[in-house]
Amino acid sequence: MNNIEQYEYPDLQPLEQDWRWCHKYAYDVIKGNIPAGKLIKQACQRHLKDLERKELIFDEEAARSIVAWFKYIPITDGVTAGKATVLLPWQIWTVVSMIAWRWNENTFDEDGNPIRVLGERRFNQAFVLISRKAGKTTLAAGIMLYLMYKSGFQPRVFSVATKRDQAKILWTTAKVMIKLSPQLRNIFETRANDILMPDKEGVFKALASDSNQMDGLNPIAVSLDELHAYKDRNLYGVMISAFGAQTEYLMIGITTAGFVLDGLCTDLYKNGCRVLDPHDEIEQDNYFYAMWQIDKGDDWTEPKNWYKANAGLIYGLPRMKYLKDRFVEASMSTEQKAQFLTKHCNVFVSGSDKWLDIDEVKACPKPLGKSYLDPIYHGRKVYIGLDRARVHDITSFCIMFPMDDGGVDIFFKNILPKATVDSVSDYLKSKYDKALETGDLDLVYTPTVKNVDVEKVITQLNEELSPKAFHYDPWHMREICEDMEDMGIPMISVSNGTGNMSEPSKTLEGLIKEGLLRFDSVLFEYACECAMMSMTRKNNMEVWRENDKIDKIDPLISTIITLSGATLIRVDKNIYDERGMMSV
């Protein structure tokens, strides 16, 4: 970066509504005048370096225009409702960057299709990770209305989320803005379910994630709300394809971090980390990334680190007192700690209502043997449990060997119809594909897993391992059990009621925490990530899943069923005896 001192602009005041804050914010971050984390420093380095690129031009008139536009965007709630929005420096940098960068050249692919078009906006997608109470909705709503106002004929913009109520939050904010602003009322007309721009036949709507309603949208702009809640890329893909007929468009995702550790939001976050890394050769010139969060290794309990995730904190948005109150709550509650980390530190963590700590699960070692037929297990007791599939779920067998240290080695046989693998979301299919590659999943080529498929595995395992019994959930197992018992294979029913499942669930949790559960299974790890837990009135543990279409916990359930029938070999000093936990 050459001569960045030209962007110091010493005459600029902190809350002055001047487009030059776009450059000065980046300058102040690099110089250490504004506290920022590693990713924002890298984003600001990118900004200043791009000012030197000949193929790019920074459109100062567009920069002035978007900042001036927000003078007509009113605050929509609180005692200052109706007054003009005052953009903070980080907000000016964000909105101006999306709008003002343009191409200064024409380029084409080998077939003559345009890649870069002189004068068109550079960025058509944006991912902004910012903490709660930062004004995310105001920014997104203001940009949506601006793009409608500046567009050609029939501009269409949409607020989109996985649930309609969430999608309507941003749309409703825009509606209130119009109600409170005489200037906006001269341009837009609000109705019960849409916002119109009569002079241009424009429309602004809120949409939920039903892709059947999203064909033929042809939008110029889309705001994806609460990206952290997206578990797969389906909705994202629908929106991207909807832009196909537009020469210029903008899709914005402004979000906090969340609890989905392997979803769309974390995918975009990882992409942003690569694009912003000056040592990574990957380039993505159409994507604007701005990610405020505490750095890895930062002490989340230290208030000075909160500034990195809360860009407006130095200006009192949110107030430090608000964060300190939330911190006290986080100090007293595991659930509130998870909320604080995700919403105020912008760190992705396993859900506060999730049962198992996924970091502890991933830290568990692999089994001592390479497979359940490894000689190390010869002569050892073996316990087998199975959870029969419900149509599109996994039929899962857990094979468990109690070991001398009080822990267990577990292996799995998981069965699923190929038709199910082919029909699931991209997110879930990626899990199944990895399980197939590692031998963690076997396919059948019928619409469902049939009785004969289950009986085949039971017979095979009985011949190979001679377990004392097979433990099973009785759902749809009557005919199979009768057939197996006729063959002399002992079958023991284990109901999925909380009375039967609570104690082995607690035992499993203890094994994981102590690193005494050994496994090597993609699907078991995913099941641990999906599993939710609640306590009944009788203080029994209940394990369940939130979304039966994408959350698959069958290998975990088969493990709990197996534990309910297993007896761990006691050692001289059993950690579970010390903790008052059951050793089964």
Practice problem: Assess whether PRO89 counts as being in contact (Cβ under 8 Å) with a residue 24 or more places away in the chain and more than 20 Å from TYR289 (Cα to Cα). | Solution: no
Quiz item: From the list LYS431, LYS413, which one is among the basic types (Lys, Arg), touching a helix residue (DSSP H, G or I) at 6+ places or on another chain (Cβ under 6 Å), in contact (Cβ under 8 Å) with a residue 40 or more places away in the chain and under 30 Å from ARG478 (Cβ atoms)?
Solution: LYS413
Quiz prompt | Options ILE489, ILE512; residue that is touching a helix residue (DSSP H, G or I) at 6+ places or on another chain (Cβ under 6 Å), surrounded by 16 or more Cβ atoms within 10 Å (Cβ to Cβ), farther than 23 Å from ILE358 by Cβ and modelled with pLDDT of 85 or more | solution = ILE489
Quiz item: Taking the stretch 1-19 as the region of interest, how many residues are more than 37 Å from the chain's Cα centre (by Cα) and among the aliphatic types (A, V, I, L, M)?
Solution: 1
Practice problem: State all residues of the stretch 1-25 that are of a type in the set (A, V, I, L, M, F, W, C), in a helix (DSSP H, G or I) and over 18 Å from GLU61 (Cβ atoms); if no residue qualifies, say none. | Solution: ILE4
Quiz item: Out of all the residues in the stretch 381-392, is one or more among the aromatic types (Phe, Trp, Tyr) and farther than 17 Å from LEU508 by Cβ?
Solution: no
Quiz prompt | Qualifying residues in the stretch 122-172 (those that are small (Gly, Ala, Ser) and out of contact with any strand residue (DSSP E or B) (no Cβ under 7 Å at 6 or more places or on another chain)) - the one surrounded by the fewest Cβ atoms within 10 Å (Cβ to Cβ) | solution = GLY152
Quiz prompt | Pairs, first under 11 Å from LYS552 (Cα atoms) and modelled with pLDDT of 95 or more in the stretch 385-396, second surrounded by fewer than 24 Cβ atoms within 10 Å (Cβ to Cβ) and of a type in the set (Gly, Ala, Ser), C-beta under 6 Å, six or more apart | solution = THR395/ALA389
Quiz item: Just checking, which of LEU276, LEU317, LEU261, LEU250 is surrounded by fewer than 20 Cβ atoms within 10 Å (Cβ to Cβ), modelled with pLDDT of 90 or more and at negative phi?
Solution: LEU317
Quiz item: Of all residues in the stretch 304-320, which are under 15 Å from ASN346 (Cβ atoms) and not polar (S, T, N, Q)?
Solution: TRP306, TYR307, LYS308, ALA309, ALA311, GLY312, LEU313, PRO318
Quiz item: Looking at TYR289, is it surrounded by 14 or more Cβ atoms within 10 Å (Cβ to Cβ), of a type in the set (Ser, Thr, Tyr) and closer than 22 Å to ILE115 by Cα?
Solution: yes
Self-check item: Filter result for VAL79 (in a loop (DSSP other than H, G, I, E, B), among the β-branched types (Val, Ile, Thr) and free of Cβ contacts under 8 Å to residues at least 40 places away in the same chain)
Solution: yes
Quiz prompt | Every residue from the stretch 358-370 that is surrounded by fewer than 19 Cβ atoms within 10 Å (Cβ to Cβ), assigned to a loop (DSSP other than H, G, I, E, B) and either touching a Gly at 6+ places or on another chain (Cβ under 7 Å) or not assigned by TED's automatic domain parsing to the domain that holds GLU509 (or both) | solution = PRO365
Exercise. Starting from the stretch 300-318, keep only residues that are in the same structural domain as THR256 (by TED's automatic domain parsing) and assigned to a loop (DSSP other than H, G, I, E, B), then list their pairs with residues that are surrounded by fewer than 13 Cβ atoms within 10 Å (Cβ to Cβ) and small (Gly, Ala, Ser) whose Cβ atoms are within a distance under 9 Å, requiring at least 6 positions of separation or different chains.
Key: THR301/SER331
Quiz item: Within the stretch 68-75, can one find any residue that is under 31 Å from the mean Cα position of the chain (by Cα), at pLDDT below 95 and assigned by TED's automatic domain parsing to the domain that holds LEU118?
Solution: yes
Quiz item: Any idea which of THR420, THR438 is surrounded by fewer than 22 Cβ atoms within 10 Å (Cβ to Cβ) and modelled with pLDDT of 95 or more?
Solution: THR438
Quiz item: Could you count how many residues in the stretch 78-102 are under 21 Å from MET148 (Cα atoms) and in contact with an Asp or Glu (Cβ under 9 Å, 6 or more places away or on another chain)?
Solution: 5
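Yes/no per residue for (1) more than 18 Å from ILE99 (Cβ to Cβ); (2) assigned by TED's automatic domain parsing to the domain that holds LYS71; (3) without any contact (Cβ under 8 Å) to a residue 24 or more places away in the chain; (4) more than 32 Å from the chain's Cα centre (by Cα):
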site: LYS150; (1), (2), (3), (4): no, yes, no, yes
site: THR173; (1), (2), (3), (4): yes, yes, no, no
site: LEU180; (1), (2), (3), (4): yes, yes, no, yes
site: PHE188; (1), (2), (3), (4): yes, yes, no, yes
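Residues checked against (1) among the hydroxyl-bearing types (Ser, Thr, Tyr); (2) without any contact (Cβ under 8 Å) to a residue 60 or more places away in the chain; (3) farther than 20 Å from THR395 by Cβ; (4) not assigned by TED's automatic domain parsing to the domain that holds THR559:
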site	(1), (2), (3), (4)
GLU455	no, yes, no, no
LEU461	no, no, no, no
PHE470	no, no, no, no
GLU479	no, yes, no, no
GLU482	no, yes, no, no
ASP486	no, yes, yes, no
GLY515	no, no, yes, no
SER521	yes, no, no, no
Quiz item: Pairs under 7 Å by beta carbon, first residue of a type in the set (D, E, K, R) in the stretch 345-365, partner crowded, with 16+ Cβ neighbours inside 10 Å and at pLDDT below 85, six or more apart or different chains?
Solution: LYS354/PHE259; ASP357/SER350
Quiz item: Within the stretch 300-314, which residues are basic (Lys, Arg) and either touching a Gly at 6+ places or on another chain (Cβ under 6 Å) or crowded, with 17+ Cβ neighbours inside 10 Å (or both)?
Solution: LYS308
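The values are calculated or read from the model by the stated rules, or taken from the named source; none is laboratory data. All values reported here derive from a predicted model rather than from experimental measurement. Reconstructed Cβ throughout: ideal geometry from the backbone, glycine too, with neighbour counts over all protein chains shown.
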